[in-house]
Structure formats: structure tokens, C-alpha cells
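All remarks here apply to the structure that follows.
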Amino acid sequence: MDGTIIDTEPIWQESQVVLTSRHGAEWTHADGLSLVGSGLERSGEILRDKGVDMEVEEIVQWMTDFVVERLQGDDLPWRPGARELVEELHDRGIPTALVTMSRRTMAMVTAEALGARGFRVVVAGDDVDRPKPHPDAYLSAAAQLGVEPTACIAVEDSVTGVASAVASGAVTVAVEHIVPVPEGAGDVHLTTLDGVTVDRLLELTGPALSARATERQGGPASDPASAPVTEGDAL
């Protein structure tokens, strides 16, 4: 969600700056970038280690409240192409899940903004025991959708998120935003979803999806056609 569907990463980083300054703690832009894609509990632990004199759960709740308050209004800061893609997926009958390490209260702000053309399933950070980069959230989402993880396409914007999706077995599209994601970390590498339609998404991920299907059916474990696709190759 954060950085892939809506552009909340700058707001999360603002929350960290405000909170650390209130506690006289030292915090840098690099510190903020290091937390992109991580579970909120890990963020809370690091902020506490830096000098924020609060319990981890209090830190997590404070940051969540800060971000949710900034998101109140008529429109969310949608990432280019993201809302359009989700709505087209819905219109074409392809089920989708929102998988995020943010708390459910915040995830539902995004889910509810999309209304009936939004996500069928929401898996938030407080719904799983292990955060990204563990695959638990993606595995839970696939199970709730009633499909094999290897039949899913995951779209992520961070190294941590990509690692989580890859570990689940999903075909993974990395869309860089705040932090670099090395080419080859997922199956497809892009710099934006702007202009990416459902047909284009399926074209980009088709080789990897076919390779996963072959593996599920007991075929060879690898397929030359499933080599990672970079933006230069694809667009």
C-alpha cells in the first residue's frame, strides 16, 4: 500500500522526524529510508533504540494516528496508475488483495476510498505474526482469495516487500519509488504503473506465470522464458 498504491512514505518519514524531535533523539533521512517496507514493530524498536522514550506499541500507534490524520480529506495521494489498475482489475473480474504492513485501521482508509471497485481482501500488519520480508501476509492473502500464491501477481515498491512477495512464490513486479530496488529482485522491474493496463500487466508477467504453472504441474523447475523483465525490455 505505502508507496505502491498511495504515496504515504513521505508522511511516515515526517512522523518519525516529529516524534524523534519531541524526544530529543537524533534521526536522519537515511534512518527513515532504512525503514521503508518494514513492519511497524521493527520501526518502533529502532525509534526506541534511537531515544524515543515510549513503548514500541505506543510508537506504532502514534505514527499510525499521525499518518491517518494526514490522509483525511476528499482524495488520497494515489501513486500514478495505481488506482486505475486496481479498478480495471475489478471491472474485469480479477480478484485483488491489499497486503500491507500498516495497521488495519490505516489500510481500511485506502480500501474504503476505492469502494466497490477496490480490494476483495485486506491483510494488514496486525493480521500476521511475522512481518515482511517473511511471506506470511502474501500467503494469507492468497489463501483468502482461494488461489495458489504462485498464480498471483504481487506489486511492491521496496526491497523488503519484494523479498516477501518472492518468498511467497508470487510473480513479483517491483515498481521503484522512494528507495532503489535492484533489477532482478523480482520477475518484472518498472519505475511506474502509469499507463500499465491489465493487458500490459499480463503481457509483462505472462512468462513468469506460465513458468509457475509448469512447476505446479510437476514440470521443470525453471523456464528460460521466466527471466526477469526490466523496464527497458518491457516498455
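The values are calculated or read from the model by the stated rules, or taken from the named source; none is laboratory data. Nothing here was measured: the structure is a model prediction, and the numbers come from that model. Note: ideal-geometry Cβ built from the backbone for every residue, glycine included; neighbour counts use all protein chains shown. We work out accessible area using only protein heavy atoms, side chains counted, and drop any ligands, DNA or RNA first. Shrake-Rupley method; radii C 1.70, N 1.55, O 1.52, S 1.80 Å.
Scanning the range 28-59 for residues that are within 18 Å of the chain's Cα centre (by Cα) and in a helix (DSSP H, G or I) yields Gly32, Leu33, Ser34, Leu40, Glu41, Arg42, Ser43.
Of the residues making up the range 109-130, at least one is hydrophobic (A, V, I, L, M, F, W, C), farther than 29 Å from Val56 by Cβ, touching a residue at least 12 places away in the same chain (Cβ under 8 Å) and open to solvent by less than 60 Å² (accessible area, probe 1.4 Å). Comparison of Glu87, Glu58, Glu45, Glu69 shows that the only residue that is open to solvent by less than 50 Å² (accessible area, probe 1.4 Å) and either in contact with a Lys or Arg (Cβ under 9 Å, 6 or more places away or on another chain) or free of Cβ contacts under 8 Å to residues at least 40 places away in the same chain (or both) is Glu87.
Screening the candidates Leu98, Leu76 for the property of being touching a strand residue (DSSP E or B) at 6+ places or on another chain (Cβ under 7 Å), over 20 Å from Glu14 (Cβ atoms) and not in a helix (DSSP H, G or I) yields one hit, Leu98.
Under the condition of being buried (at least 22 other Cβ atoms within 10 Å of the Cβ) and farther than 22 Å from Glu87 by Cβ, which residue from the range 188-210 is farthest from the chain's Cα centre (by Cα)? Looking at residues that are buried (at least 22 other Cβ atoms within 10 Å of the Cβ) and farther than 22 Å from Glu87 by Cβ, I get Ala208. Being modelled with pLDDT of 95 or more, outside any helix (DSSP H, G or I) and of a type outside the set (D, E, K, R) is a property that His177 lacks.
Just for the range 185-206: of the residues that are part of a loop (DSSP other than H, G, I, E, B) and over 18 Å from Thr150 (Cα atoms), which one is modelled with the lowest pLDDT? It would help to see each step written out before you state the result.
Initial filter on the range 185-206 (part of a loop (DSSP other than H, G, I, E, B)): 185-187, 191-197.
Filter once more, so that each one left must be over 18 Å from Thr150 (Cα atoms): 191-197.
Details: Thr191: 92, Thr192: 96, Leu193: 97, Asp194: 97, Gly195: 96, Val196: 97, Thr197: 98.
Only one residue tops the list, namely Thr191.
If you go through the range 132-148 and keep only what is buried (at least 20 other Cβ atoms within 10 Å of the Cβ) and within 17 Å of Gly3 (Cβ to Cβ), you end up with Lys132, Ala137, Tyr138. Here the range 155-171 is the region considered, the condition is being small (Gly, Ala, Ser) and under 24 Å from Gly32 (Cα atoms), and the residue that is surrounded by the fewest Cβ atoms within 10 Å (Cβ to Cβ) is Ala163.
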